[in-house]
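To keep things clear, I will list the structure first and then write my remarks on it.
The values are calculated or read from the model by the stated rules, or taken from the named source; none is laboratory data. Since the structure is predicted, the reported quantities are computational estimates derived from the model, not experimental observations. With ideal geometry, Cβ positions are generated from the backbone for all residues, glycine too; neighbour counts draw on all protein chains shown.
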Amino acid sequence: MQTATVENPLREGLRLERVPAPCAMVIFGASGDLTRRKLMPALYNLAIEGLLPSGFSVVGYARRPLSNEEFRSQMREGVDQYSRRRPVDPTVWETFEQGISYVDGDFEDTGDFRTLGKELERLDKERGTSGNRIYYLAAPPGSYQTIVDNIGAAGLAGDAQGDSWTRLVVEKPFGRDLSSAIALNEHLHTVFHEKQIFRIDHYLGKETVQNIMAFRFANGIFEPIWSRNYIDHVQITVAETIGIEDRGGYYDQAGAMRDMVQNHMLQLLSVIGMEPPITFEADAVRDEKVKTLRAIRPIKPEEVENYAVRGQYGPGWVAGLEVAGYRQETKVKPDSVTETYVAVKLLIDNWRWAGVPFYLRTAKRMPRRVTEIAIQFKSVPHPLFKSVGGAPLEPNVLTLRIQPDEGISLKIAAKVPGPSLHLRSVNMGFLYGTSFFVESPDAYERLLLDCMYGESTLFTRRDETEAAWKPITEILEGWAISPPSRIPQYDAGTWGPPEADAFIARDGRAWRQP
């Protein structure tokens, strides 16, 4: 792989950064929202930091007829609106957009893929992309297999041999259940080798998620207590204030379990629960994550109510604005029982975590937007201060905040100043923004750059996707066997249905209020 080094003053210590080999990225479904909101702003930010290789090129591929100039204009509008680095530097953009082109084509037409191949050959000759390709599936999931088939039929897949390389980036959702995920994996492997496939989950690209592994394995004081001997339970919360926006058609078929729990939240669980890897290399890290997911206790259909509860938001108020209920959203069935709230209890049956429940909770139309992991420790074995006046002390809780206000805090007991012995819970912690004085890059920036390097640590391997689907499929099958006549409702702007509070209260615990 060809590499170079550049100075990047935005990185701490002015350290030298690698630059990947020249390449071209083809975005299938380039006229969609993902390209405009996430992919192109991320690529522009990499360009402004000097991390893209010389001659780097982007080819948009979609059905909509557009000229190169029209596509570039649309992408500039997206960068103007969504880039974290604003205002856009006109000099950087002028250089960057020279590598942006567009091919209008049908996903089902192999001839259009051959036209794409000619464009890639032009880029090799004129911009020196060296035959290196990244194919990014930003199209609807129903098109994945067709696109992959035509990449292969047009001779564009490569064989991962020689000096050039070819990689395929697959967006979620990766299947609808375990059987469809297995089928999709097998279909991808008819054209691409596993080492060419990069299944992307943007949560793994977040700096705060990556820091969980650094927090655990680079600090000697935490790993010894990271087990059932000291931890009572773990709560993982992904709460959103938004509704389903304009995704009613998709969301009513997916629901919160498929949309969030199966991918994002189980990724967080696996990072928290994994054993220390032998090395910080892709397969070593992913081996341990897979072991954790495979250790999740199976859930029988008749036991699903003991492990999962769901709900659906009704009308209410969020951030001072009145909002409609889920069933009033566009493209949602008026009698829909699709869950917009789900809470799950998972047990990891291994020596480290035996008996420690992991509670996962996600929902739309919550009072606050927050993603956090809260690790609650067991109470002290002998309550020395039980005779001291005041309210009972809260347990120690280590909170890893993924978004917003990214940081880490630890709740401890401390004596209140004064002549009397009164204790109160206080927080120790730090915020990323004030501790490092740099703006965290967007998750897609890190992941796209890693894909160019061929670094797959933060991408999901085949066995990992299938292991994550297994417990979720068991819950979905249990729900399908006994479909609800009604689904618990909660007012928009509240923390979920009463049934969810009862669900965790059965274990003598309560949900955190972030």
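Listed by first and then second residue, the pairs with beta-carbon distance under 7 Å, at least 6 apart or on different chains, first residue in the stretch 264-277 and under 14 Å from Thr465 (Cβ atoms) and of a type outside the set (Val, Ile, Thr), second part of a helix (DSSP H, G or I) and modelled with pLDDT of 95 or more, are Leu266/Leu293; Leu266/Ala468; Ser270/Lys289; Ser270/Thr292; Ser270/Leu293.
Applying the condition of being at pLDDT below 95 and among the aliphatic types (A, V, I, L, M) to the stretch 450-503 and asking which residue is farthest from Asp287 (Cα to Cα) yields Ile487. Has the stretch 222-239 got at least one residue that is modelled with pLDDT under 95, on the phi > 0 side of the Ramachandran plot, out of contact with any Phe, Trp or Tyr (no Cβ under 8 Å at 6 or more places or on another chain) and surrounded by fewer than 18 Cβ atoms within 10 Å (Cβ to Cβ)? Scanning the stretch 222-239, I find no residue that is modelled with pLDDT under 95, on the phi > 0 side of the Ramachandran plot, out of contact with any Phe, Trp or Tyr (no Cβ under 8 Å at 6 or more places or on another chain) and surrounded by fewer than 18 Cβ atoms within 10 Å (Cβ to Cβ), so the answer is no. Quick check, is Arg286 among the charged types (D, E, K, R) and buried (at least 18 other Cβ atoms within 10 Å of the Cβ)? Yes: the conditions hold for Arg286. For the stretch 275-316, filtering for residues that are outside any loop (DSSP other than H, G, I, E, B), under 18 Å from Ser227 (Cβ atoms) and in contact with a Phe, Trp or Tyr (Cβ under 9 Å, 6 or more places away or on another chain) leaves 2.
Looking across the stretch 242-255 at every residue that is part of a loop (DSSP other than H, G, I, E, B) and buried (at least 18 other Cβ atoms within 10 Å of the Cβ), the one that is modelled with the lowest pLDDT is identified as Ile244.
For (1) under 24 Å from Arg36 (Cα atoms); (2) crowded, with 18+ Cβ neighbours inside 10 Å; (3) more than 19 Å from the chain's Cα centre (by Cα), each residue gets a yes or a no:
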site	(1), (2), (3)
Gly433	no, no, yes
Leu447	yes, yes, no
Glu455	no, no, no
Glu464	no, yes, no
Ile472	no, yes, no
Ser482	no, no, yes
Ser485	no, no, yes
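Of all residues in the stretch 77-118, exactly one satisfies the criterion of being assigned to a helix (DSSP H, G or I), in contact with a strand residue (DSSP E or B) (Cβ under 8 Å, 6 or more places away or on another chain) and surrounded by 19 or more Cβ atoms within 10 Å (Cβ to Cβ), namely Leu116. Checking each residue in the stretch 196-216 for being modelled with pLDDT of 95 or more and of a type in the set (D, E, K, R) picks out only Arg199. Could you check, for the stretch 50-58, whether at least one of its residues is on the phi > 0 side of the Ramachandran plot, touching a Ser or Thr at 6+ places or on another chain (Cβ under 7 Å) and not hydrophobic (A, V, I, L, M, F, W, C)? Taking every residue of the stretch 50-58 in turn, at least one turns out to be on the phi > 0 side of the Ramachandran plot, touching a Ser or Thr at 6+ places or on another chain (Cβ under 7 Å) and not hydrophobic (A, V, I, L, M, F, W, C). Of the helices (runs of 4 or more DSSP H) lying entirely inside the stretch 134-220, the ones with 3 or more residues being farther than 24 Å from Leu52 by Cβ and not assigned by TED's automatic domain parsing to the domain that holds Pro471 are found at 144-153, 178-188.
Name every residue in the stretch 295-331 that is acidic (Asp, Glu) and either outside the structural domain of Trp351 (by TED's automatic domain parsing) or more than 19 Å from Met257 (Cβ to Cβ) (or both), in order of residue number. Don't jump to the end; show me each part of the working.
Of all residues in the stretch 295-331, those acidic (Asp, Glu) come to 302-303, 305, 322, 329.
Scanning the stretch 295-331 gives a single hit, Glu322.
Just one residue in the set Ile147, Ile134, Ile151, Ile182 is modelled with pLDDT of 90 or more and in contact with a Cys (Cβ under 8 Å, 6 or more places away or on another chain); that residue is Ile134.
With respect to the conditions (1) crowded, with 19+ Cβ neighbours inside 10 Å; (2) touching an Asp or Glu at 6+ places or on another chain (Cβ under 8 Å); (3) of a type in the set (D, E, K, R), Glu207 lacks only one, and its number is (1).
A quick yes/no check of all residues on (1) under 23 Å from Lys345 (Cα atoms); (2) touching a Cys at 6+ places or on another chain (Cβ under 7 Å); (3) of a type outside the set (A, V, I, L, M):
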position	(1), (2), (3)
His233	yes, no, yes
Val238	yes, no, no
Arg247	no, no, yes
Gly255	yes, no, yes
Val271	yes, no, no
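With a requirement of 1 or more residues that are charged (D, E, K, R), farther than 18 Å from Ala363 by Cβ and in contact (Cβ under 8 Å) with a residue 12 or more places away in the chain, the helices (runs of 4 or more DSSP H) lying completely within the stretch 419-514 that satisfy it span 443-453, 462-481.
Scanning the stretch 409-430 turns up no residue that is modelled with pLDDT of 80 or more, within 29 Å of the chain's Cα centre (by Cα), closer than 30 Å to Val170 by Cα and small (Gly, Ala, Ser).
Counting only residues that are among the hydrophobic types (A, V, I, L, M, F, W, C), touching a Leu at 6+ places or on another chain (Cβ under 8 Å) and not in a strand (DSSP E or B), the stretch 391-418 holds 2 of them.
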